[in-house]
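Below: one structure, written as structure tokens.
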């Protein structure tokens, strides 16, 4: 009797141990679709872009040519907004699944993401990727600022700055008025004084060119567009005022020339014997 009780208790312990084992699930990760996408450079703002995807059967490694397979493409902003959807991506060749996205979908600078998913009645797969939209298309080929480029552009800016400073010193060395003697009597008309106005006009043009250079460099190599937009606004203001500055400069020169000739004629007629107005 005791032996039967011991055998019964042992059998109950075995049953409890077997029932405590978790169920085993076997998943074959070698089935489904494998999707590859060539990583591209950052996309320029408002630039249209065509995404290319290659879809393979994961178990065989062969390109997917099953006509029943459907693929979907979703484009997202950084905040998660779904801004573009294509629910019927076509396989135009044996390898490429192409998705054309108009430039209007890339109007904002910053981080974007896309999700590309394919499936048929049996298998499926997806590919997700983040990318960046930058302000300048120049950045597509020159996104990273190398040391050599940094030295070159810094030298260019330094040269502009030296030219502007040297021009200011040259302008200050030019005479401001006509040539006079110790008593203040005008001896001759100094035509060099007209170069002062010309020098300040050239200085203004150099300043516009420097703003334009800084603006383009900022657009090309800085991910934050605020700095570039600030210099772009300054460039626009100074450039739009350039015609007004040209008119003022020309009027000033002709007015000064006319005034000096009139005054010199009066002196020659003896109306101002001391050479003073």
Q. How high is the FRET efficiency from residue 123 to residue 46, r the C-beta distance, R0 51 Å, rounded to 0.05?
A. 0.85
(Q) Cut-off is 10 Å between beta-carbons; in what order do 152, 163 appear when sorted fewest neighbours first? (A) 152, 163
Q) Arranged by the count of other C-beta atoms within 10 angstrom, fewest first, what order do 70, 135, 85, 198 take? A) 85, 198, 70, 135
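Here, each number is a calculation from the coordinates, and none is a lab measurement. If you're wondering where the values come from, they're calculated on a predicted model, not measured in any experiment. Heads up, the Cβs are rebuilt from the backbone with ideal geometry, glycines too, and the neighbour counts pull from every protein chain shown.
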